[in-house]
Amino acid sequence: MTLLETIHDPAQLRALDYAELERLAAELREKMIRTVQHTGGHLASSLGAVEIALALHRVMDSPRDRMVWDTGHQAYAHKLLTGRLDRFETLRQTDGVGGFPRRSESDHDVFDGGHAGTGVSIGVGLAAARDLLPAGSPGRAQRIAVCVGDAAMQSGLTLEALNHLGQSKNRMLIVLNDNEMSISKSVGGLSTRLNKLRLTRAYQETKEASKRTISRIPVLGQPLFDVLAWAKEGFKRSRASSRRSACAARSWCMSRPSRARAMHRRRRTASASTAPACRPSTWA
Ligand SMILES: Cc1ncc(C[n+]2csc(CCOP(=O)(O)OP(=O)(O)O)c2C)c(N)n1
């Protein structure tokens, strides 16, 4: 029996360690490839969102928390993790599993998608509705996440929603899945800007090597690493607050030295291949 076959509820993901999550990611991809070669479908977008689906389902408590997939063409992993594995071979067939999220299929699906650019707007609407509930009511604890591709991010509807959110400040998480691709290569001002923001491979490799080296320095290594992590987060934080955007993903950013240390501890635990106990967290 595969690990995927044992997952009947996404809450089960919280009990898996990192090695198991990696195995599960591979099984999800294999299932998608085997299915889509017969049925057709949006293969690349869904293959690229496997880890995002795993991460969101691990930290969120769906269906109480709401997870929106912009366009909806990247949600196969989400579908496989939310009780549709047995029927997945009917993907995009008459009366079969739909190619996009579908509320009639599952409580875990929020919106019958299919159009690029809808996700952030839907998320803002859900967050605004939640925040109209009386203070202290259980519904106010609901968390809302949207996964949006870089092309959908450039649509007018998304930009309107971001503009609105910048004003209304409803709490939500936006995951930007920037793979530099729309149906073909992403072009335009926003795409160019995102490319500039993206760190180069050389920079990433240097950063990882420095981190490894610093942590290994006896006695001084760990405090030094903590101070650098704290300074970096502080710098990011100051930049973020100076141009606080609608992207409430920032609320997840590590911002205090204690959190930076906690993050580092988690990374060290991860390198021992055991995931920390993961409970749905608050996004305050
Ligand atoms: C309004 C609208 N225009 C065009 C499309 C066709 N379309 C489907 S997927 C897609 C590209 C989406 O790219 P991106 O958001 O970057 O996600 P990715 O597939 O790269 O994960 C487009 C343009 C659509 N679904 N809706």
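The values are calculated or read from the model by the stated rules, or taken from the named source; none is laboratory data. Note that the structure is a prediction, hence the values are computed from the model and not measured. Quick reminder, even Gly has a Cβ in these numbers, built from the backbone with ideal geometry, and neighbours come from all protein chains shown.
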Among the residues of the stretch 33-42, which ones are without any contact (Cβ under 8 Å) to a residue 24 or more places away in the chain and either crowded, with 17+ Cβ neighbours inside 10 Å or of a type in the set (Val, Ile, Thr) (or both)?
ILE33
Quick one: which residue in GLU208, GLU160, GLU180 is under 21 Å from the mean Cα position of the chain (by Cα) and among the acidic types (Asp, Glu)?
GLU180
Look at THR6 and say whether it is among the β-branched types (Val, Ile, Thr) and surrounded by 14 or more Cβ atoms within 10 Å (Cβ to Cβ).
no
Residue in the stretch 67-108 that is nearest to LYS31 (Cα to Cα), counting only those that are among the β-branched types (Val, Ile, Thr) and out of contact with any Cys (no Cβ under 8 Å at 6 or more places or on another chain):
THR90
Within the stretch 40-120, helices (runs of 4 or more DSSP H) holding 1 or more residues that are more than 16 Å from the ligand (Cβ to nearest atom)
50-59, 76-81
In the stretch 145-170, what count of residues is obtained for those that are within 11 Å of the ligand (Cβ to nearest atom) and touching an Asp or Glu at 6+ places or on another chain (Cβ under 6 Å)?
3
Filtering the stretch 171-188 down to residues that are in contact (Cβ under 8 Å) with a residue 60 or more places away in the chain and more than 9 Å from the ligand (Cβ to nearest atom), which residue is surrounded by the fewest Cβ atoms within 10 Å (Cβ to Cβ)?
LEU176
Which of (1) among the aliphatic types (A, V, I, L, M); (2) exposed (fewer than 15 other Cβ atoms within 10 Å of the Cβ); (3) in contact (Cβ under 8 Å) with a residue 60 or more places away in the chain is the odd one out, the single condition LEU132 does not satisfy?
(3)
Is it fair to say THR200 is within 30 Å of ALA152 (Cβ to Cβ), surrounded by fewer than 12 Cβ atoms within 10 Å (Cβ to Cβ) and at pLDDT below 75?
yes
Based on what the data block shows, is ARG130 of a type in the set (Lys, Arg), away from the ligand (no atom under 16 Å from the Cβ) and part of a loop (DSSP other than H, G, I, E, B)?
no
Exactly one of (1) more than 11 Å from the ligand (Cβ to nearest atom); (2) farther than 21 Å from PRO63 by Cα; (3) not basic (Lys, Arg) is unmet by GLN142. Its number?
(2)
